[in-house]
Each structure stands twice: as C-alpha cells, then as structure tokens.
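Heads up, the thing below is written out as structure tokens.
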Amino acid sequence: MSMPTSGRADIGTRWGLVCAGTALIGTCYGFARFAYGLFAPEFQDSFTISSTVSGVIGSGSYIGYCIAIVASLIFTERVGARRMAVAAGVVATVGTAMVALAPSTPVLAAGVLIAGSSTGLASPPMAAAVSRWVLSGIQDRAQSVVNAGTGIGVMVSGPIALLLIDQWRWAWGVFAVLAAAVTLWVHLVIPFTSSEHSTDSGKPGHARGTAVMVLAAFLMGLGSVAVWTFGRDLITTVGDAGSLVSTSMWTVLGAAGFIGALSGDLVARAGLARSWTMVMITMAAATLLLALAPGSTVAAFAAAAVFGASYVCLCGLLLLWSTRIHPDRASFGVGVSFLMIAVGQSVGSPLAGALTDAAGGTSAFFTCAGIALLGAFVRPGRAIGASHGDAAPHTVGIPRDRDDTGPVGRGDPDGDIREGQDHARRHPDRVRRP
C-alpha cells in the first residue's frame with residue numbers, strides 16, 4: 001500500500017495504522033521480550049540453570065533491545081517507518097521461533113536476545129508513523145494507545161502459557177506464528193515512505209531536559225526489572241503459588257497495562273511532571289506489595305494490576321516527554337528514552353538474579369521499589385511538561401493539517417498567503433494598513 005507523502009491520512013488509514021501498530025508493539029514486547037519472565041521457572045527446570053544464569057539470559061533481551069534501538073534511530077529516518085516496522089516483526093518471528101526450537105542454553109539465550117531486539121526496532125518507527133499520519137489534535141492519544149499494546153501482548157501471552165505451560169515450546173511456536181501474521185498486517189496498512197527526513201535537533205534550551213529524561217528512563221527500567229524477570233518466579237517459589245495463579249497473575253498484569261493508553265489524557269489533566277511522579281510512586285508501591293505478600297493471591301493480583309497499568313503508563317509518559325523535546329524527530333526522541341529503559345533493565349536483570357541467589361527472592365523487589373521511588377523525583381521541567389497544547393508533537397518533515405477539514409496546512413506558505421488574501425477580500429474593513 002502506498003500513499004502520497006502528505007500529512008493527511010483518511011480515517012481508515014489512521015485507524016488501521018494505530019491498530020496494526022498496537023498489535024506490533026504487543027507482539028514485540030508482550031511475546032518476544034517480556035514472555036521470558038512468564039516462562040522463567042520452566043526454562044530453569046528444562047535447562048537446569050540457576051536464578052543468576054536466568055537473570056543473565058533475561059538481560060539478553062534488554063541488551064538486544066539496546067543494540068537494535070540504536071540501529072532503528074539511524075535507519076528509520078533513512079529508510080522510512082514501514083520498512084523498519086516490518087523488520088521488527090521479522091526479528092520477533094525469528095527470535096520466538098528460535099526459543100521454541102532451542103536445544104541448549106546457548107541457543108535459548110541467542111533466541112531471547114534476538115526476540116528482545118525486535119522491541120528496539122519497533123518503537124521508533126511506530127512513533128514516527130503516528131507523528132506523520134495522525135492529526136496533531138489526537139496524536140497524544142494515538143501514541144498512548146499504540147504504546148499500550150505492551151499490555152495487550154502480555155495479557156494474551158498469559159492464557160497461552162496457561163494452556164501450554166507444560167509444553168512451553170508449543171507456546172513459543174504460537175508466539176512465532178502470531179508475530180508473522182502481525183508482520184504481514186503492518187506491511188499492508190502502514191503507508192509507505194522512503195525516508196523520514198528532518199533537520200530538527202531538539203527544542204532550544206532542552207539539552208538539560210534530555211539529560212533529565214535519560215536519567216528518569218534509566219531509573220524506571222532499573223526499578224521495573226524485578227517484576228518483569230522474577231515476578232512469576234517469586235510467587236511460585238517464595239509464595240508457593242500454582243501455575244494457574246501465577247499465569248493468571250501475568251494475564252492480569254497485561255490486561256491492566258492497557259490502562260496505560262490513558263497516559264495522554266492524564267497528561268492533559270495533571271501535567272507531565274506531576275503525572276510522572278505519581279505513576280512512578282505507584283509502580284514502586286506495586287513492586288513493594290509483591291515483595292511483602294508473595295503468598296497472598298489477592299495481593300499478587302492487585303500488585304500485578306497496579307504494576308502493569310503503571311509501567312505501560314510510564315512508557316507512554318516517556319514517549320510524550322520525548323516528543324515534546326524533539327517534536328520533529330519523534331523516532332529519535334522515543335528511541336533515546338526507550339533505549340535508556342532497556343539499559344536500566346539490562347543492568348538490573350543480572351543484578352536482580354544475583355541478589356535473589358544471595359539474599360532471597362524478595363531482596364531484589366525491595367531494592368527495585370526503592371529505585372523506582374527515587375526515580376519519581378527525576379521529572380520533566382515546567383517548560384517541557386506544563387503546556388499540553390503548545391507542546392503537541394508536529395509532523396516528521398511534512399506539513400501538519402490544522403484539523404480534519406481544514407484546507408490549508410501549517411508550514412505551507414503559499415496556502416497561508418492565499419488564506420490571508422481571501423480573508424482580506426471578505427473583510428476589507430479589518431485589513432491593517434501600513
């Protein structure tokens with residue numbers, strides 16, 4: 001499917017893009033990246049590995065993400081959003097298939113690394129596609145909905161695991177088939193562009209804002225890693241929960257994650273800085289609750305729901321934060337912030353595993369809760385986070401329509417001149433004279 005390189009896209013194309021993008025994010029994050037934590041106990045049993053080794057393998061998906069997102073930052077602007085989004089789907093398919101067929105621990109680790117790389121490839125092009133094709137008035141909501149695909153993917157992976165928990169290879173085979181189907185969907189509905197040209201290097205005076213955002217993203221990734229890597233392991237080993245409870249908890253975590261689609265609306269009401277602080281504290285509280293009561297089914301479900309909603313919401317807030325700093329390079333801004341989430345997780349995953357082996361299963365959760373609480377107070381400055389309307393993202397290198405029906409686009413000087421001339425003819429008494 002190809003379209004003219006225009007900022008306008010009909011409503012069917014916009015909805016198709018948002019739905020396909022949501023499915024891609026769900027596949028890459030929910031299946032290819034975070035499903036490792038869901039199956040961590042089965043991997044430890046099947047391959048006879050310790051929690052430390054499991055944490056190191058889990059960190060592979062985050063390391064792969066870091067490498068891939070750097071590549072995505074470079075190539076999204078050069079080859080266009082659709083090509084990079086399709087590449088993300090292909091990598092997710094290959095990685096999940098490798099895990100399904102892994103005959104040994106090294107192959108498992110390689111599959112996890114490749115599968116996790118898909119998330120790094122997916123986020124920047126989807127941010128760029130939404131920024132290019134979705135009208136500015138609804139961009140925040142569209143970006144938040146696509147980002148919330150993570151929750152849908154995690155939610156879907158839970159029932160698959162529940163049905164196939166003793167046949168984990170078949171579960172990962174299902175993930176691979178679904179990833180291939182989503183890849184085809186993305187290819188069909190995302191409008192083709194040969195590149196995403198831009199000369200923007202960020203809003204003046206926002207270099208410090210970028211540094212603060214990078215630190216906040218790192219602390220968020222570090223603070224979230226215990227639940228993602230060892231959440232199910234904690235309630236099955238320390239809490240002695242069965243597979244039904246533990247996989248259902250994971251499903252609840254994913255389902256609640258879709259609440260993260262409301263992050264754009266939250267920013268509109270509370271502001272970016274206040275939203276960040278509130279939601280980071282909420283994620284810390286969820287992590288702490290799981291550590292305090294791993295044997296309580298009610299507490300585990302409540303913690304999972306709150307964690308899932310807050311984590312996806314934080315990703316959405318970072319997405320909006322980054323597009324405010326780099327409004328004309330959405331793929332770059334999102335790539336940098338999401339890269340730092342993964343850096344925090346890749347550093348934290350093996351450390352959480354080592355803490356678990358050395359001091360018990362809850363120690364990593366207490367530590368991560370403290371880190372998340374610290375990160376709550378690393379937040380955007382007033383100039384970045386206060387104004388919702390003024391900071392709405394613009395297009396990537398193309399004119400932005402004023403509204404769904406307006407005939408003249410911003411950045412079209414000839415259109416602006418014509419509009420001014422028409423106004424002068426209609427209202428000669430209002431024309432200012434020199």
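Quick notes on this one:
- The residue pairs whose first member lies in segment 46-59 and is farther than 14 Å from GLY116 by Cβ and touching a residue at least 12 places away in the same chain (Cβ under 8 Å), whose second member is outside any helix (DSSP H, G or I) and open to solvent by 10 Å² or more (accessible area, probe 1.4 Å), and whose beta carbons are closer than 8 Å, counting only pairs six or more residues apart or on different chains, are PHE47/SER104.
- Filtered residues of segment 252-273 (kept if open to solvent by 30 Å² or more (accessible area, probe 1.4 Å) and in contact (Cβ under 8 Å) with a residue 24 or more places away in the chain): VAL252, ALA255, PHE258, ILE259, LEU262, ASP265, LEU266, ALA268
- When residues in segment 51-72 are screened for being farther than 30 Å from LEU355 by Cβ and open to solvent by 30 Å² or more (accessible area, probe 1.4 Å), 1 of them pass.
- Of everything in segment 220-251 that is open to solvent by 20 Å² or more (accessible area, probe 1.4 Å) and in a helix (DSSP H, G or I), the residue that is modelled with the highest pLDDT is LEU222.
- If you filter segment 158-201 down to residues that are in a loop (DSSP other than H, G, I, E, B) and more than 27 Å from THR323 (Cβ to Cβ), you find that the one that is modelled with the highest pLDDT is GLN167.
- Screening the candidates ALA85, ALA127 for the property of being surrounded by 24 or more Cβ atoms within 10 Å (Cβ to Cβ) and in contact with a Ser or Thr (Cβ under 8 Å, 6 or more places away or on another chain) yields one hit, ALA127.
- Of everything listed in (1) open to solvent by less than 10 Å² (accessible area, probe 1.4 Å); (2) at pLDDT 95 or above, the single unmet condition for GLY116 is (2).
- Candidate set from segment 1-25 (those that are of a type in the set (Gly, Ala, Ser), surrounded by fewer than 22 Cβ atoms within 10 Å (Cβ to Cβ) and under 23 Å from ALA181 (Cα atoms)); member that is modelled with the highest pLDDT: GLY16
- Scanning segment 31-43 for residues that are modelled with pLDDT under 90 and part of a helix (DSSP H, G or I) turns up ARG33, ALA35, TYR36, GLY37, LEU38, ALA40, PRO41, GLU42.
- Test result for ALA100, modelled with pLDDT of 95 or more and in a helix (DSSP H, G or I): yes
- CYS313 falls short on exactly one of the conditions (1) within 11 Å of the chain's Cα centre (by Cα); (2) at pLDDT below 90, and that condition is (2).
- For PRO380: the one exception among (1) at pLDDT below 90; (2) open to solvent by 40 Å² or more (accessible area, probe 1.4 Å): (2)
- Selection within segment 146-160 - of a type in the set (A, V, I, L, M) and buried (at least 24 other Cβ atoms within 10 Å of the Cβ): VAL146, ALA148, VAL154
- Condition broken by ILE281, with the remaining ones in (1) modelled with pLDDT under 95; (2) surrounded by fewer than 24 Cβ atoms within 10 Å (Cβ to Cβ) satisfied: (1)
The values are calculated or read from the model by the stated rules, or taken from the named source; none is laboratory data. Keep in mind it's a predicted model, so treat the numbers as computed, not measured. Using ideal geometry, Cβ is built from the backbone for each residue, glycine included, and neighbour counts are taken over all protein chains shown. The area values use the complete protein model at the heavy-atom level, side chains included, leaving out ligands, DNA and RNA. Shrake-Rupley method; radii C 1.70, N 1.55, O 1.52, S 1.80 Å.
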